[in-house]
1. Mean 1/r over all different Cα pairs, inverted: what Kirkwood radius does the chain give, in Å?
2. Any idea what the relative contact order of the stretch 1-160 is, in percent, if you count C-alpha pairs under 8 Å spaced at least 6 apart?
3. To the nearest 20 debye, what charge dipole does the chain have about its Cα centre, counting +1 at the Cβ of each Lys and Arg and -1 at the Cβ of each Asp and Glu?
4. What order do you get for Tyr9, Tyr301 when you list them from fewest to most C-beta neighbours inside 10 Å?
5. Please label the shape of the stretch 90-211 as rounded, prolate or oblate, based on the square roots a ≥ b ≥ c of the eigenvalues of the alpha-carbon gyration tensor (a/c under 1.5 means rounded; beyond that, a/b larger than b/c means prolate, else oblate).
6. Note down the net charge around Val225, summing +1 for each Lys or Arg and -1 for each Asp or Glu among other residues with Cβ under 10 Å from its Cβ.
7. Check which residues have an amide H placed less than 5 Å from Glu175's amide H, if you skip close sequence neighbours.
8. In cubic angstrom, how much convex hull volume per residue do the alpha carbon atoms of the stretch 212-365 span?
Amino acid sequence: MKITDIKTYIVSPIPGSPWVFVEVETDEGITGLGECTDYRSGPMLVAGIEAVKAMVVGEDPAHIEEIWQRIFRQYSSLSGRGFISHLISGIDIALWDIRGQVLGQPIYKLLGGPVRDRVPLYTHIQDQWYDGVTIDDAVAAAKQTLADGHDAIKTDPFKWQRSLTGEFTGADRVEYLSPRAIGEAIDWMDAVREAVGPETELMVDAHGRFDVASAIAAGRALEHVNLIWYEEPVPPESFKALRQVRESTDIPICMGERHFTRYDYVPMLEERLVDFIMPDISWTGGISEMMRIASLAEPFYVRISPHDALGPVSIMAGFHCSMTIPNFYRLECLHTRFPDFAKIMDPMFEYEGKWINPTDRPGLGVALNHETFDEFLVDPASEHARAFR
Ligand SMILES: [Mg+2]
């Protein structure tokens, strides 16, 4: 079997959330589906896949590791971590989909088989930095989320802040949290905790926005909320800054959506900087790399909880890994988007409340519905392709 072509599509059934899908075609009529969606980067990713295509067309799609290593090493001067690992992810997921279809097996059965019957999710309520969202909105959303069958919720309770010197500039975009801003965030979290009760698992995402002093002050103020984790309290580049936050707070920390491949995780784990890790399967190097990062974390007794705020293929790739990873917490989702996923998928994955259920369908077990998704196609040259909300 040979790879004959790679096609990319930007599709957006939700305005402001353009997803980037990858289809790897073969000479035996089997097509593999992948995803490498990122925020605002659709046109770059489409161009990137087009650029690496020549390295992949003509290869045997069963040579997943060879293709992974070839793309990673070929572009080492760009660093394989980040843009290149996004490209690898889209192709790697599609190659695993092809492998499963060829063997007639769901991918999770090829990764070692299930260690659980189904995969638990955590989901989101809207973040406080969205314009006009109030504490009452957060409380209502949290109650509705429990009614929808979920028991673990993440939110970002911090409004957009200015830097300490005033207005944002390109050179000073790391945010400063005033005591008042921290107070507003605590009001938000206390209201959510009150609404959902002590049993519901809560997480706070700081989106890598804050300077060290702000991250420490907010972390200390959040300790009483009894969070599962405090996510990306500082920007991703400095592990020394992260260590300072860790040593100055008593709150579990999760990092990883902006860290790519096993190479970024070695120092994070060895220096004991995290309690949970959260690689994104469409950014960190696909199914192959998610499994390697999970194994890397296992001897440190650190759980993995794949980041996923993207489209329906990404979540299914994460689902197959999550079925078979022992040191797993939950798979992230935006459950309110599932009806939009169904508009462009046939078959769609099977979910019920906080669970995604396995099927015996081969490969990923989902496919793009080419009958319906044309309506949602986005021109890579358009402004919409770079949109994000
Ligand atoms: Mg996050």
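1. On the way: mean 1/r = 0.0468 Å⁻¹.
In the chain this quantity evaluates to 21.4 Å.
2. Relative contact order of the stretch 1-160: 19 percent.
3. Values: 35 positive and 59 negative charges, 151 e Å.
Dipole magnitude for the chain comes out near 720 debye.
4. Least to most surrounded, the residues fall as Tyr301, Tyr9.
5. Oblate.
6. Details: positive: Arg193; negative: Asp190, Glu223.
Every neighbour counted, the sum reads -1.
7. Amide H neighbours of Glu175, under 5 Å, 5+ apart: Phe210, Asp211.
8. 119
FYI, it's all coordinate maths here, none of it is from the lab. Computed from a predicted structure; not experimentally measured. Don't worry about glycine lacking a Cβ; one is built from the backbone with ideal geometry, like all the others, and counts go over all protein chains shown.
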